[in-house]
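K.L.:
This structure is in structure tokens; I'll ask about it shortly.
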Amino acid sequence: MKKIAIVSTNKSAWGGSEYLWYYTALRLKESNNIDLKVSIPRWKDIPPLVKELSNKGIEVIYNTGTRNFSKKVRWIIKSDIIYDYKNEGFKFLIRYKPDLVIINQGGNTGGIDLMEYCLNNNLKFVTISNVANEAKWPDDELNKRLSKVLPEALINFYVSKANLKLTEIQIGQDINNAEIIMNPFNVRFDNDIAYPEVKEFYYMANVARHEFYAKGQDLLFQVLDEKKWRERNIIVNLYGKGLHSYSVEKLIRYFDLANVKLNGHINPEEIWKINHALLLTSRYEGLPLALIEAMLCGRTGVVTKVSGNPEVMFDNETGFLANAATPEFIDEAMERAWSRRNEWETMGLIAKQYIKKTIHKDPVGVFAQKIMSLLN
């Protein structure tokens, strides 16, 4: 029986970067000749999905500090610190002796300790990088470490060509053992969601977690603060929550934006039953599922020209690209979109046709097959 260990190194919180390994674990467990263990940080909020892993017979191991340990040191250390046991958290790998370790990273460098651990203990591994950020550059020491271990992976998986290229630039060398993968989306591949009738308002959806440094809602609000946008019949619906949810709400009040509505988490297909276009003002990305889902539902969008966005959305054809994540460029792209608002439905249909020809309808199945091929 082949053995696989899946380790998430993203210590901040469960998010979109966790779904590929999660659904792949469930898919692989269906095979009778695969044994699986999953190792995750002890996030502040453990999602119910983790329990489903246990229900399916997949052992879940925590690779950061335990609750008992945190209680003992809370009186001398701030309670919001995550306790990182670099070696202790990974020792189960030595006992388990997996045939393959899947290292999942929220970014493109967070798994470095585990990569080195696998290399030092003769464990075969692959990496998954979900984001690369031009503003988060590895220092010289991290550059040297990454340059040594990335070539030793069986494969380094990236979610966009742009993320791979940026990582190569950040370390100053080619990553020849790299492949591009797709994260699973949360709408039906063959959905037939109709374009909503335009009555009084045009509705644009910002589908993004509340994190200013990544998703740039502050940039969007600065644009919407302009007189012309206040006077237009447009409503911007925000979907999601996150680290800056309080600050998002406060900034909406600060700018007194009556045309911005907070909606929390909603099923993506329900979002596209009422919204006419996507609006993403990200400072950096991997390849946002919100964009893939919008296109699959037949929607055009205004997005920043960062990371994987221009790999799937083409300016003035299937959507509108802001040349940079600044209020000026976002406003320029939104202005072009607004001038062609009567074409949004047609552009959305073109976007849908393109994305369905470009991506696989079962990203989890594709990734699971890649993993199985490495085992064989």
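K.L.:
Hey, can you tell me all the residues within segment 166-179 that are of a type in the set (D, E, K, R), loosely packed, with under 15 Cβ neighbours inside 10 Å and free of Cβ contacts under 8 Å to residues at least 60 places away in the same chain?
P.N.:
ASP174
K.L.:
Do any strands (runs of 3 or more DSSP E) entirely within segment 1-66 hold 1 or more residues that are of a type in the set (D, E, K, R), touching a residue at least 12 places away in the same chain (Cβ under 8 Å) and buried (at least 19 other Cβ atoms within 10 Å of the Cβ), and if so, which? Working first, answer last.
P.N.:
On the way: elements: 2-8, 34-40, 59-62.
So the answer is 34-40.
K.L.:
Which residue pairs have Cβ atoms closer than 7 Å, lie 6 or more positions apart in sequence or on different chains, and pair a first residue in segment 95-119 that is at pLDDT below 95 with a second residue that is in a helix (DSSP H, G or I) and buried (at least 20 other Cβ atoms within 10 Å of the Cβ)?
P.N.:
GLY106/SER17
K.L.:
Could you tell me whether PHE125 is touching a Cys at 6+ places or on another chain (Cβ under 6 Å) and surrounded by 14 or more Cβ atoms within 10 Å (Cβ to Cβ)? Give the derivation first.
P.N.:
Working: touching a Cys at 6+ places or on another chain (Cβ under 6 Å): yes; surrounded by 14 or more Cβ atoms within 10 Å (Cβ to Cβ): yes.
Answer is yes for this residue.
K.L.:
Further question: Out of (1) within 22 Å of the chain's Cα centre (by Cα); (2) hydrophobic (A, V, I, L, M, F, W, C); (3) modelled with pLDDT of 95 or more; (4) outside any helix (DSSP H, G or I), the odd one out for ILE193 is which?
P.N.:
All conditions pass for ILE193, except number (1).
K.L.:
Right, next: Report every pair of residues separated by at least 6 positions or lying on different chains whose Cβ atoms are under 7 Å apart, first residue within segment 272-296 and of a type in the set (D, E, K, R), second part of a helix (DSSP H, G or I).
P.N.:
ARG283/TYR213; ARG283/ALA214; GLU285/ASN309; GLU293/PRO268
K.L.:
Which pairs turn up if I take residues in segment 323-352 that are in the same structural domain as GLN222 (by TED's automatic domain parsing) and look for partners that are in a helix (DSSP H, G or I) and polar (S, T, N, Q) with beta carbon separation below 6 Å, at least 6 apart in sequence or on another chain?
P.N.:
PRO327/GLN222
K.L.:
If we scan segment 186-202, do we find a residue that is in contact with a Phe, Trp or Tyr (Cβ under 7 Å, 6 or more places away or on another chain) and among the acidic types (Asp, Glu)?
P.N.:
Looking only at segment 186-202, we keep the residues that are in contact with a Phe, Trp or Tyr (Cβ under 7 Å, 6 or more places away or on another chain), and these are 193.
This time we only want the ones that are among the acidic types (Asp, Glu), so: none.
Scanning segment 186-202 turns up no residue that is in contact with a Phe, Trp or Tyr (Cβ under 7 Å, 6 or more places away or on another chain) and among the acidic types (Asp, Glu).
K.L.:
Tell me which residues, restricted to segment 274-311, are farther than 17 Å from ALA132 by Cα and surrounded by fewer than 21 Cβ atoms within 10 Å (Cβ to Cβ).
P.N.:
Within segment 274-311, just ILE274 meets the criteria.
K.L.:
In the set MET204, MET182, which member is crowded, with 17+ Cβ neighbours inside 10 Å and in a loop (DSSP other than H, G, I, E, B)? Write out each step before concluding.
P.N.:
On the way: MET204 fails: in a loop (DSSP other than H, G, I, E, B).
Within the list MET204, MET182, the selection yields MET182.
K.L.:
Has segment 131-150 got any residue that is closer than 18 Å to SER39 by Cβ and either in contact (Cβ under 8 Å) with a residue 24 or more places away in the chain or touching a Cys at 6+ places or on another chain (Cβ under 9 Å) (or both)?
P.N.:
Filtering segment 131-150 for residues closer than 18 Å to SER39 by Cβ gives none.
Within segment 131-150, none of the residues are closer than 18 Å to SER39 by Cβ and either in contact (Cβ under 8 Å) with a residue 24 or more places away in the chain or touching a Cys at 6+ places or on another chain (Cβ under 9 Å) (or both).
K.L.:
Now, a different point. Determine whether segment 324-341 contains at least one residue that is closer than 17 Å to ARG209 by Cα and of a type in the set (D, E, K, R). Lay out the reasoning, then the answer.
P.N.:
Of all residues in segment 324-341, those closer than 17 Å to ARG209 by Cα come to 325.
Right, trim to of a type in the set (D, E, K, R) and you get none.
No, segment 324-341 has no match at all.
The values are calculated or read from the model by the stated rules, or taken from the named source; none is laboratory data. Here the structure is a predicted model, which means the values were calculated and not measured. Cβ sites come from the backbone with ideal geometry, for glycine too, and all protein chains shown count toward neighbours.
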